[in-house]
Amino acid sequence: MGGKDKADKGKDQPGQDLRDLLRIPVGERPTLAAHAADGIPAGPKDKAAGLAETARMGERLADLQERLYAASTAGDRRRVLLVLQGMDTSGKGGTVKHVIGLFNPSGCRIRAFKAPTPEELSHPFLWRITKALPQPGEIGIFDRSHYEDVLIARVRALVPRPELEERYGEINRFEASLAADGVTVVKVFLHIGYEQQRRRLLARLDNPEKYWKFNAGDIEERALWPAYQEAYEIALERCSTADAPWYLVPADRKWYRNWAVSRLLLEHLRALDPQYPPADFDVEECRRRLVGDR
């Protein structure tokens, strides 16, 4: 990321690759408090422009998704995995809703990871992740992920510290193996501010239709905010790699969050540049048969 100065400089660089601007550099530990959760480091400057630009991206994203899926029918193993992590109310579910709205849902594989079940706990922590991976041609979206096993596990001391320390390396090796198998891993940390989280939690209490989204345990987790911020900083430092870098997206402004995640996906899909496969049959012969079938 290079800190706030670099983010601010990006505002004056139209057309700059958002991946370069929001990427956490390999080996760099970010100080989350130094990154404005309500910032607009690049792109549209207000909500109206952001909503309009996000809508315009829809057609391009849908076209690239179709090409990715079509290429898989000819043996192309490439696919995309979007990993969303962030504190409670950072908008993981909202991002999934808005991003999927830009794609054909039939080509997406979505998984929201909750607390592991007894069966999942009986296996290595990456077991349930492996079972949920997208197939060739698909776009997978994880609402939370294997990173819970170095985040809440660290804050709540759910596993012995030596085992926890080993998990960072396991995650890096796992993600490197995914990249080698044609998976483009797009890891996004949705960075929400402490006060913005308070406002969103209170908004749920103010609206009876949102009670179902409120969990009293969120208040206890909020009390551990500094510990979670440290756990995220460590994970971002140790697991932002060349194969699977982390991207830090300011998430206080929902419209900006949705635009940024959509833009990151667009840039990755453009880089893949999937192509429709050529016909494996005689096109003209089939045309003659159909024309003559009257």
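The values are calculated or read from the model by the stated rules, or taken from the named source; none is laboratory data. Computed from a prediction, not measured in an experiment: that's the story for all the values here. When we count neighbours, we look across all protein chains shown, and the Cβ atoms used for this are built from the backbone with ideal geometry, even at glycine. When the accessible area is computed, the model is the full protein with side chains, heavy atoms only, and any ligands, DNA or RNA have been set aside. Shrake-Rupley method; radii C 1.70, N 1.55, O 1.52, S 1.80 Å.
Tabulated data
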| quantity | calculated |
| --- | --- |
| Net charge over other residues, Cβ less than 11 angstrom from the Cβ of S262 (K, R count +1; D, E count -1) | +2 |
| HN-Hα J in Hz across the stretch 27-44 - Karplus 6.51, -1.76, 1.60, θ = phi - 60°, x for Gly and Pro | x, 9, 8, x, 9, 4, 5, 8, 10, 5, 5, 9, x, 10, x, 6, x, x |
| Antiparallel DSSP beta bridges within the chain, as percent of all bridges there, nearest 5 | 5 percent |
| Choice from T184, T54, T73 with maximal GNM fluctuation in the chain (Cα, 10 Å cutoff) | T73 |
| Furthest towards positive pole of dipole, Y232, A52, N258, structure part the chain, Cβ charges | A52 |
| Cα centroid separation - the stretch 104-182 against the stretch 50-95, whole Å | 19 Å |
| Debye, to nearest 20: dipole size of the chain, +1 on Lys, Arg Cβ, -1 on Asp, Glu Cβ | 660 debye |
| Overall form of the stretch 133-178 per C-alpha gyration tensor (a/c, 1.5; a/b vs b/c) | oblate |
| Ranking by accessible area, most exposed first, for D143, D282 with a 1.4 Å probe | D282, D143 |
| Selection from G94, S145, F281, by position along the positive dipole direction of the chain (Cβ) | G94 |
| Using alpha-carbon coordinates, inclination of helix 47-72 to the longest axis of the chain, degrees | 50 degrees |
| Calculated log₁₀ intensity ratio I(q)/I(0) where the Debye formula runs over C-alpha points of the stretch 175-273, q = 0.11, 0.16, 0.22, 0.24 Å⁻¹ | -0.47, -0.88, -1.18, -1.26 |
| Crossing angle, helix 225-238 versus the chain [Cα axis fit, 0-90 degrees, rounded to tens] | 50 degrees |
| Filter on K131/K210; K47/K114; K47/K97; K97/K210 - keep pairs with C-alpha separation over 24 Å | K131/K210; K47/K114 |
| Distance (nanometres) between label positions extended 7 Å along Cα→Cβ at K45 and R199 | 2.1 nm |
| Alpha carbon convex hull of the chain, projected area averaged over orientations, nm² | 19.5 nm² |
| For the stretch 189-237, alpha-carbon Rg over 2.2 N^0.38 Å | 1.30 |
| Kirkwood hydrodynamic radius of the stretch 51-127, Cα pairs, Å | 15.0 Å |
| Cα Rg over Rh - the stretch 102-208, Kirkwood | 1.02 |
| Acute angle (nearest 10 degrees) that the helix 283-292 long axis makes with the longest principal axis of the chain, alpha-carbon atoms | 60 degrees |
